[in-house]
1. Of all the helices (runs of 4 or more DSSP H) wholly in the range 29-97, which have at least 1 residues that are open to solvent by less than 80 Å² (accessible area, probe 1.4 Å), at pLDDT below 85 and aromatic (Phe, Trp, Tyr)?
2. Which count do you get for residues in the range 8-20 that are closer than 13 Å to Glu40 by Cα and either open to solvent by less than 60 Å² (accessible area, probe 1.4 Å) or in contact with a helix residue (DSSP H, G or I) (Cβ under 6 Å, 6 or more places away or on another chain) (or both)?
3. Taking the conditions exactly as written (of a type in the set (Ser, Thr, Tyr) and at pLDDT below 90), does Ser17 satisfy them or not?
4. Can you pull out the residues in the range 11-37 that are farther than 15 Å from Thr49 by Cα and among the aliphatic types (A, V, I, L, M)?
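The values are calculated or read from the model by the stated rules, or taken from the named source; none is laboratory data. From a predicted model like this one, the values you see are computed outputs, not experimental measurements. Positions of Cβ are backbone-derived with ideal geometry, glycine not excepted, and every protein chain shown enters the neighbour counts. Ligands, DNA and RNA are stripped out before the accessible areas are found, and what is left, the full protein with its side chains, is counted by its heavy atoms. Shrake-Rupley method; radii C 1.70, N 1.55, O 1.52, S 1.80 Å.
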Amino acid sequence: MVVNALDMAIKNRTPSSGTVIHSDHGVQFTSWVFTSKIKEAGLLPSLGTIGDAYDNAMMESFWSKMQTGLFNRKRWNTRVELANEMFQYLEIFHNRQ
């Protein structure tokens, strides 16, 4: 499933060669298939070091801000409503700053 998401992300976002793809040490991210797909697309795989609290600090900060700025402020009636709010937050608010 992660490989399908990776294929879709590469197709939709068309990242430039040399873009770093950072992940944790989950089995899905350390698989040969996942790593091969990243390298075939000209991307650079990056895994954090075990026990290092700082390698993922930027993403943890992002998700923390998204949780306090979006998730903790309201309850949504449907997943579609939440997905639309997430899109607005990511594409309209976050990515433009």
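1. Once the helices (runs of 4 or more DSSP H) in the range 29-97 are filtered for at least 1 residues that are open to solvent by less than 80 Å² (accessible area, probe 1.4 Å), at pLDDT below 85 and aromatic (Phe, Trp, Tyr), what remains is 57-69.
2. 4
3. no
4. Filtering the range 11-37 for residues farther than 15 Å from Thr49 by Cα gives 11-20, 28, 31-37.
Selection gives Val20, Val33.
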